[in-house]
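Since the structure comes first, as structure tokens, the remarks are kept for the end.
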Amino acid sequence: MNETELIRNLDLFKGDLAGTGCKLIAVSKTKPVDLLQAAYNAGVRIFGENKVQEMTEKHEALPKDIEWHMIGHLQRNKVKYIAPFVSLIHSVDSLKLLKEINKRAKQNERVIDCLFQIHIAEEDTKFGLNEEELFAIIESDEFQKMENVRMKGLMGMATFTSDFAQIRKEFTALKNLFNKTGSKFVADNLDFTELSMGMSNDYKIAIKEGSTMIRVGSLIFGEREKK
Ligand SMILES: *Cc1c(COP(=O)(O)O)cnc(C)c1O
């Protein structure tokens, strides 16, 4: 991957996103800092990472006007490392995790924006809440008292498949839950505007289904090494 290729890849998204109100999160996990710097030079300001240590190191090395989004499963004991600077946590999947984020945000005198991660895929390997679990969190007293987290919306990952009808069905379900949550819990510590869905494989469908944030890695930075 050289800079010319990177810029060409980024340009591909300009047309798809124009006029949609949907933002591009450049998923830079496993990629070296100089490639992120090249993307920054080409105008990218939002990067998504899925490992705490990697995100922290990249945050230290790169310009300070970058928004860092945590998109991967987040362990409670690691929240403290990203609490000073993270812009959006996409992967809130338990009340316990949210409590920890609230506590660390408070220590840093911040309000941290978060999304609830919802399980929409057929695979049971993907993390996330179902509707019942989501509503249980929002209705809990503990959640109601939290002052240092702001819930901005929902995130989901569709099944990894070439069956577009299946993907569309899952994104529609997420969008419906997003609308239901936003209207059912108005003013309950919620400020629901964001729907994070769509990756390299399915971002076009996601945009059509109303995504406000697509999380794209390999189509921008090239395939990642398999571990
Ligand atoms: C890795 C990852 C992405 C990006 O995946 P690509 O297929 O490379 O676009 C998006 N969202 C999450 C949660 C990820 O872990």
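What full-extension length gain, to one decimal in nm, is calculated for Arg76 and Thr172 as 0.36 nm per residue of separation minus the Cα-Cα distance?
On the way: separation 96, 0.36 × 96 = 34.56 nm, distance 3.04 nm.
Result: 31.5 nm gained on full extension.
Quick one: length gained pulling Lys180 to Glu57 fully straight, 0.36 nm per residue minus the C-alpha distance? All intermediate terms of the calculation are to be shown ahead of the outcome.
Working: separation 123, 0.36 × 123 = 44.28 nm, distance 3.80 nm.
The Lys180-Glu57 span can extend by a further 40.5 nm.
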Using Cα-Cα distances under 8 Å and only pairs 6 or more residues apart, what relative contact order does the stretch 3-220 have, in percent? 19 percent
Where a Cα-Cα gap under 17 Å defines reach, which aspartates and glutamates qualify for Lys106, not counting those fewer than 8 residues away within the same chain? Glu142, Glu147
Report Rg/Rh for the stretch 3-220, rounded to two decimals, where Rg is the Cα radius of gyration and Rh the Kirkwood radius. 0.95
Expressed in nm to one decimal, what extension gain is obtained for the pair Lys14 and Arg150 from 0.36 nm per residue of sequence separation less their Cα-Cα distance? 46.1 nm
Which one, Asn2, Leu195, Ser162, is farthest towards the positive end of the dipole of the chain when Lys and Arg carry +1 and Asp and Glu -1 on their Cβ? Asn2
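If we sort 75-83, 114-122, 21-29 on the protection proxy, mean other Cβ atoms within 10 Å, highest first, what's the order?
Values: 75-83: 16.3, 114-122: 22.9, 21-29: 20.8.
Highest mean packing first, the order is 114-122, 21-29, 75-83.
By per-residue mean of other Cβ atoms within 10 Å, what is the highest-first order of 66-72, 150-156, 206-212? Mind showing how you got there, number by number?
Values: 66-72: 22.1, 150-156: 23.7, 206-212: 20.4.
Put in order of decreasing packing, that is 150-156, 66-72, 206-212.
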Which of Leu97, Gly182, Asn108 sits farthest toward the positive end of the charge dipole of the stretch 3-220, with +1 on the Cβ of Lys and Arg and -1 on the Cβ of Asp and Glu? Asn108
Could you work out how far apart the two model spin labels at Asp124 and Lys64 are, taking each label as a point 7 Å from the Cα in the direction of the beta carbon, and quote it in nm? 4.8 nm
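No lab work stands behind these numbers, since they all come straight from the coordinates. Just so you know, these numbers come straight off a predicted model, no measurement behind them. So basically every Cβ, Gly included, is an ideal-geometry build from the backbone, and we count neighbours across all protein chains shown.
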